[in-house]
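Only one structure is covered here, and it is reproduced in the block below.
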Amino acid sequence: VHIGRSRDQHLPLQAKDSFDLILMQTANELPLLLGILDEIADGEDASPSLEAFKGLVLYRSLQQRREGMDILEGVLHRHPDCRAAMNYLVALWGMEAQNGVAGRLTGALSLSEKLLRLEPANPTVITNHIGILNLANRRDEALALATRGVELFSGDCLIRTNYGMLLSARGDRVAAKTQYQTAIERDNNCGMAYANMAALLMKDAASLDEQA
């Protein structure tokens with residue numbers, strides 16, 4: 001189940017439209033970006049959210065993960081109600097927990113539960129919490145939240161694909177394929193839905209070959 005969604009209203013306003021491009025910056029361009037963020041941080045637009053965004057950019061640059069994580073955790077320590085820091089840390093701790101980093105799942109789950117209480121209708125919060133619940137083997141809760149998520153955000157690619165993945169894990173391939181197909185129909189750029197649909201179709205083909 002997908003974890004790691006971090007593009008939503010928690011991003012500083014000036015960064016929203018260019019976030020995907022920022023994450024595609026080359027190593028040579030990254031110092032320029034960080035310099036711009038430092039200049040903003042020294043000006044009137046300085047905020048915990050902006051500092052958290054800098055931490056996220058550093059973390060996603062791969063070469064500076066420790067520094068990025070230190071900044072994010074520092075922001076949360078000094079500003080425990082900074083929702084940007086909470087959102088980014090849930091996503092990053094969740095991904096680290098998926099990769100076997102000890103202790104991350106507990107922190108991600110606690111922070112994700114807090115965020116969901118604060119923002120029960122935020123698609124990013126819902127997406128990440130579904131993934132965290134799945135990691136914690138609380139799959140019935142994950143499925144219930146995914147069901148509510150597709151009711152609230154019927155055209156959301158990630159929520160609907162996560163819903164399909166949970167249905168597939170329960171053995172309901174037909175329902176899973178329906179969710180993937182719906183995700184694709186409502187967002188033809190939904191790569192996750194295409195990939196999961198293809199995986200199920202390949203399994204179906206393999207099953208037919210075995211029966212032949």
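Quick look at the numbers
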{"read-out": "All positions within the stretch 98-114 that are within 13 Å of the chain's Cα centre (by Cα) and of a type in the set (A, V, I, L, M, F, W, C)", "value": "Ala108"}
{"read-out": "Helices (runs of 4 or more DSSP H) contained entirely in the stretch 64-126, each with at least 1 residues that are among the acidic types (Asp, Glu) and either modelled with pLDDT under 95 or in contact with a Lys or Arg (Cβ under 8 Å, 6 or more places away or on another chain) (or both)", "value": "65-78, 83-98"}
{"read-out": "When residues of the stretch 156-176 are limited to those that are touching a residue at least 24 places away in the same chain (Cβ under 8 Å) and open to solvent by 40 Å² or more (accessible area, probe 1.4 Å), the one nearest to Gly131 (Cα to Cα)", "value": "Met165"}
{"read-out": "Pairs where the first residue, in the stretch 26-38, is modelled with pLDDT of 70 or more and the second is assigned to a helix (DSSP H, G or I), C-beta under 6 Å, 6+ apart", "value": "Leu37/Lys54"}
{"read-out": "Test for Arg139: is it within 30 Å of Leu76 (Cα to Cα) and charged (D, E, K, R)", "value": "yes"}
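The values are calculated or read from the model by the stated rules, or taken from the named source; none is laboratory data. As the structure is a computational prediction, the values presented were derived from the model and not from experiment. When we count neighbours, we look across all protein chains shown, and the Cβ atoms used for this are built from the backbone with ideal geometry, even at glycine. Side chains included, ligands, DNA and RNA excluded: accessible areas come from the protein's heavy atoms. Shrake-Rupley method; radii C 1.70, N 1.55, O 1.52, S 1.80 Å.
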